[in-house]
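Data first, discussion second: the structure below is written as structure tokens.
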Amino acid sequence: MFMALLLTVLVHGHRGARAVMPENTLPAFEYAIGAGADTLELDLAVTKDDVLVVSHDPRLNRTICRGPGAGSPAIRTLTYEELQQWDCGALRNPLFPRQTPVPGTRIPALEQVLALAPRGSFGFNIETKIFADHPDYTPTPERFAQLLLEAIRKHQVEKRVIVQSFDFRTLHAMKKLAPEIRLSALDEKGKLDFAALAREAGAPIVSPEKRLVTPEKVSAAHAAGLQVVPWTANTTEEWDKLIDAGVDAIISDDPAGLIAHLKKRGLR
């Protein structure tokens, strides 16, 4: 389901559907499923008691979350039970005026998101948020990969998952543990061509920041047997540029809008 078909561009709902629902929450993922997204894109952090949870930020972000005390504690310093004291749905992200708050929404465990699998044939594009300069934010890359693999196998979604990261250590660890799991190399710097990036990550998919994409780079990647899945495009102009460049999928905060645009162009 992830291989590009002729004139087909797949849609990945970024953090579910951040343009319209609180990011990385069950309401956002449920919205994306209802909109017809091909894949749910999400981010992982790890609690003090080694529970995988869905959060882009390693520290709780008070712009979008309300919780006890002061400051922005690292998720890794809290147990899962303590994390559930935080409401990450009541505050509208000021960058997304169309977003509908859902008060009382908690940061979900990965288990809760993977439990949505029976609702359709959509995939899961899971980013490991791990930082070489902040080893205190996560377990080791090997432990992180092991925890993720256990969850994937528990829900029997091995063929529906992509594991992506900017930090390739978890990709290398996952490849050793389960070479059948598809991997994707995230990139925002553009220092390497797509094929070199894929080799460094050991991944068959490259996921560059949208401005790094050109038709020539995509063509070269396809010639090397790679897929190209750029992030995060939210306007018709950005979508058209990527579609015309021949990308395999687009990661967007507005999966419903992208799907409607693809239909308008006769590509869905």
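The values are calculated or read from the model by the stated rules, or taken from the named source; none is laboratory data. Note that the structure is predicted; figures quoted are calculated from it, not measured. Neighbour counts are summed over all protein chains in view; Cβ atoms, including those assigned to glycine, are modelled from backbone coordinates with ideal geometry.
What the table below lists for this structure:
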| item | result |
| --- | --- |
| Test: residue in the stretch 194-203 that is more than 22 Å from T140 (Cβ to Cβ), outside any helix (DSSP H, G or I) and modelled with pLDDT of 95 or more | no |
| Residues satisfying the stated conditions in the stretch 154-177, i.e. assigned to a helix (DSSP H, G or I) and touching a strand residue (DSSP E or B) at 6+ places or on another chain (Cβ under 8 Å) | R160, T170, L171, M174, K175 |
| Filter pass, G67 being within 16 Å of W231 (Cβ to Cβ) and either touching a residue at least 24 places away in the same chain (Cβ under 8 Å) or surrounded by fewer than 21 Cβ atoms within 10 Å (Cβ to Cβ) (or both) | no |
| Close pairs from the stretch 239-268: first within 16 Å of R211 (Cα to Cα), partner in a helix (DSSP H, G or I) and among the hydroxyl-bearing types (S, T, Y), Cβ under 9 Å, at least 6 apart | A245/S219; G246/S219 |
| Those residues of the stretch 36-50 which are over 14 Å from E23 (Cβ atoms), part of a strand (DSSP E or B) and not aliphatic (A, V, I, L, M), in sequence order | T39 |
| Candidate set from the stretch 38-64 (those that are among the hydroxyl-bearing types (S, T, Y) and either closer than 30 Å to I250 by Cβ or out of contact with any Ser or Thr (no Cβ under 8 Å at 6 or more places or on another chain) (or both)); member that is surrounded by the most Cβ atoms within 10 Å (Cβ to Cβ) | S55 |
| Criterion (β-branched (V, I, T) and touching a Phe, Trp or Tyr at 6+ places or on another chain (Cβ under 7 Å)) met by exactly one of I205, I181, I130 | I130 |
| Residue ID - surrounded by the fewest Cβ atoms within 10 Å (Cβ to Cβ), chosen from residues in the stretch 203-217 that are among the β-branched types (V, I, T) and over 22 Å from K264 (Cβ atoms) | T214 |
| Number of positions in the stretch 107-153 that are part of a loop (DSSP other than H, G, I, E, B), touching a strand residue (DSSP E or B) at 6+ places or on another chain (Cβ under 7 Å) and closer than 15 Å to I75 by Cα | 6 |
| Residue count for the stretch 230-255, restricted to those that are closer than 19 Å to V20 by Cα, touching a strand residue (DSSP E or B) at 6+ places or on another chain (Cβ under 9 Å) and outside any loop (DSSP other than H, G, I, E, B) | 7 |
